[in-house]
Amino acid sequence: MDKSLFKFNNLTDVEIKQYTGLEKKTFETVIGVVERFSPLNYWSGKPVTSICREDQLLIFLMRLKLDLPYFDLARRYTVSQTTIQNIVMTFMHTLHEIFFEGIWSLYHPKKKTCAAYQNHLEI
């Protein structure tokens, strides 16, 4: 494997933390959770098969933490900006569904939330 390639597997633990803000173990946990929801429903309707799931998460997190432009990420992975946008939008929606909507529904069932909201409106 060419060590010059920008890939998750080529990064040190320190680099992973610098690029994503997550410890390597946390990153791997998030990948494990995302894998349980595979196949992903890609934003454009076209799955990205040219980039592994770990690198797709890395792209998404680098976009969030470092605000790297799509053209920079596209050049690092030798894909189009449209592919990068597809990955970023897909992971934004997927992680929102898993970590926000999924956890929220555990602690705030819809019936209780709706009733509480209705009570709030009546006040």
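Applying D = kT/(6 pi eta Rh) to the stretch 8-91, where Rh is the Kirkwood radius over alpha-carbon pairs, T corresponds to 20 °C and eta to 1.002 mPa s, the Stokes-Einstein value obtained is 165 µm²/s. The string of couplings for the stretch 71-77 from the Karplus curve (6.51, -1.76, 1.60, θ = phi - 60°) is 5, 5, 5, 4, 5, 4, 9 Hz, one whole number per residue in order, with x for Gly and Pro.
We did not get these values from a lab; they are worked out from the coordinates using the rules stated. Quantities reported herein were computed from a predicted structural model and do not represent experimental measurements.
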